[in-house]
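S.K.: I have a structure I would like to understand better, so I am pasting it below and will then ask my questions one at a time.
The values are calculated or read from the model by the stated rules, or taken from the named source; none is laboratory data. Treat the numbers as computed from the prediction; the structure is a model and nothing was measured. A quick note on method: Cβ atoms are made from the backbone with ideal geometry, for glycine too, and the neighbour counts reach across all protein chains shown.
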Amino acid sequence: MKRLYFAFTLLILYSCGVSREQTKTAQKSSSNELKIMSYNIHIGNPPSKPGIIDMEAIIKAIKAEDPDLIALQEVDVNTARSGKINQADIIARKLGMNFFFAKTIDHDGGDYGVALLSKFPISETKIHRLTTVAGSGGEPRVIATAKIQLKNGKYIRFGATHLDHLRNPVNREIQIEEINKIGTEEKLPFIIAGDLNAVTESTVIQKLDQVFMRTCSKCEPTFPVVTPNRTIDFIAFKKTDPFSVISHRVIQEHYASDHLPVVALLRF
């Protein structure tokens, strides 16, 4: 009798395991779900290793999450400091994704900027130049966007950005207002992601919240990587868009970059 009970228990446990695995697989392949990542990759330089570029660490961190769409910040293309490599192209090829790189500044013999990556076809790429007040000391900033055809045939627009880093928020406030205007005028569902260099209680995020819905309300810290105490990396979509948030996570990868990656799973 004990043997029969043990065998029956094993059968139940096995069945539950199969059920969970099937559910997990179905969730991953669902046509109405979208996994988004935002990651400031710090030009592939681990903070613990000054002067070293470790692209494999960045790729490993991204691959572990298997996102559908990625917004990358602090990306080098053909700069001397990064060994004259195209970081956006390397990451995209290793992950089997399409990509679009948007330069913000010339740097060290090459380009520096943001990139967006997609498992799905991309088209109608745009670089929107954001305002930096003359004499403020800020660098040029952009939001790069692309039209994405999803696996269910629907279209959305996806944007990657990195706002001004100066203590004075004047540039960020103008830049987020410009992004809000772009979002308001966009007819497709519109998701943006990036390093906004602004904490949740700032006027910058208050302005963002007027047009966009963040994937987190009580957001975990994303920076600095050693002892994170600030949330400055976000994923958001237009409030009028048919998205709902299934989950939002800050990935605890503390080696590859000075920021933690952020991942959101959306239903649409």
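Listed here are the residues, each with its yes/no results for (1) surrounded by fewer than 21 Cβ atoms within 10 Å (Cβ to Cβ); (2) of a type in the set (A, V, I, L, M).
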{"site": "Gly96", "(1), (2)": "yes, no"}
{"site": "Lys103", "(1), (2)": "yes, no"}
{"site": "Leu116", "(1), (2)": "no, yes"}
{"site": "Phe120", "(1), (2)": "yes, no"}
{"site": "Gly135", "(1), (2)": "yes, no"}
{"site": "Arg141", "(1), (2)": "no, no"}
{"site": "Ala146", "(1), (2)": "no, yes"}
{"site": "Lys151", "(1), (2)": "yes, no"}
{"site": "Phe158", "(1), (2)": "no, no"}
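S.K.: Tell me whether segment 151-171 contains one or more residues that are modelled with pLDDT of 95 or more and part of a helix (DSSP H, G or I).
M.R.: Yes, because at least one residue in segment 151-171 is modelled with pLDDT of 95 or more and part of a helix (DSSP H, G or I).
Conditions tested, residue by residue: (1) part of a loop (DSSP other than H, G, I, E, B); (2) out of contact with any helix residue (DSSP H, G or I) (no Cβ under 7 Å at 6 or more places or on another chain).
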| position | (1), (2) |
| --- | --- |
| Glu178 | no, yes |
| Lys181 | no, yes |
| Lys187 | yes, yes |
| Glu201 | yes, yes |
| Gln210 | no, no |
| Cys216 | yes, yes |
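S.K.: Name the residues in segment 65-92 that are in contact with a Gly (Cβ under 8 Å, 6 or more places away or on another chain), part of a strand (DSSP E or B) and of a type in the set (A, V, I, L, M), would you?
M.R.: Of everything in segment 65-92, those that are in contact with a Gly (Cβ under 8 Å, 6 or more places away or on another chain), part of a strand (DSSP E or B) and of a type in the set (A, V, I, L, M) turn out to be Ala71, Val75, Val77.
S.K.: Across segment 160-173, what is the number of residues that are over 21 Å from Ser38 (Cβ atoms) and surrounded by 15 or more Cβ atoms within 10 Å (Cβ to Cβ)?
M.R.: Step one: of segment 160-173, the residues over 21 Å from Ser38 (Cβ atoms) are 167-168, 170.
From what is left, the residues that are surrounded by 15 or more Cβ atoms within 10 Å (Cβ to Cβ) are none.
Result for segment 160-173: 0.
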